[in-house]
Amino acid sequence: MATPRPARAARVLLPALVAAALLGGCSTTVTGTAAPDPAPRPTEGVGADPVAWGDQVCGALLSYYQPLSARPDYAGADLPGIKDRLSGYLGNVRTGIDTGKQQLADAGASPVSGGDQFRTSIEDLLNRTGTTIDEARADVDQADPNDVPGFQERLQAAEEKLRTIGAAEGLDQLGATPRLDKAIAEAPRCGELDALTAPS
């Protein structure tokens, strides 16, 4: 693996979550030959250390994926309870996205080639997903537990929106990035992200 491919969980977790409401990683291998990197190296801040920079970027994704993975427990919940728990869950995911976007901004410029494209792809993912989460939460919040067919329609509409959440685009176009790969392989939060998004 080179850089994390960070959207594996969304396609699985969210549809399963909504279905439940209606019903009541990869190994790291660094390859390539060491060579001078043409990217300018920042002299201060997180970006001065490739591992610290990679850790910050992976931390931004963790801020999103950790609440995304914390699916609510609907045990014993009636329809109003399902609505409240699902809305709260989506709100937590939205907060995680906002936190992640701030962490990306704090990371600053990459000290290694490919890093800025990686960071931009993650930022795009968070922006697109934030819009989708907002729209899905609006559907949930408008659901009327006293109107069971309408309630189901609203949750199904939310599910359809959540199914559109995809991967960070452009990561497959990075090419060989041995220094970026090495920094990510050594960054603790990148390891946490890899474990969190690994297929079960």
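Any read-out appearing in this document is the output of simple, stated calculations on the displayed coordinates, not a laboratory observation. Computed from a predicted structure; not experimentally measured. Cβ sites come from the backbone with ideal geometry, for glycine too, and all protein chains shown count toward neighbours.
Dipole orientation for region 100-179: of the candidates Ser121, Gly175, Pro149, Gly175 has the Cα lying most toward the positive pole (charges on Cβ; Lys, Arg +1; Asp, Glu -1).
If you model region 154-200 as an ellipsoid using its alpha carbon gyration tensor, with each semi-axis the square root of five times an eigenvalue, the axes come out at 30, 16, 7 Å, biggest first. With 0.36 nm allotted per residue and the present C-alpha distance subtracted, the Ala105-Glu160 stretch has 16.8 nm of extension available. When the GluC sites (Glu not before Pro) in region 102-200 are filtered for DSSP coil states and for at most 15 other beta-carbon atoms within 10 Å of their beta-carbon, the remaining sites are Glu169. By other beta-carbon atoms within 10 Å, ranking Thr164, Thr99, Thr129 with the fewest at the front produces Thr164, Thr99, Thr129.
The peptide list 69-76, 90-97, put in order of mean Cβ contacts within 10 Å with the highest first, becomes 90-97, 69-76.
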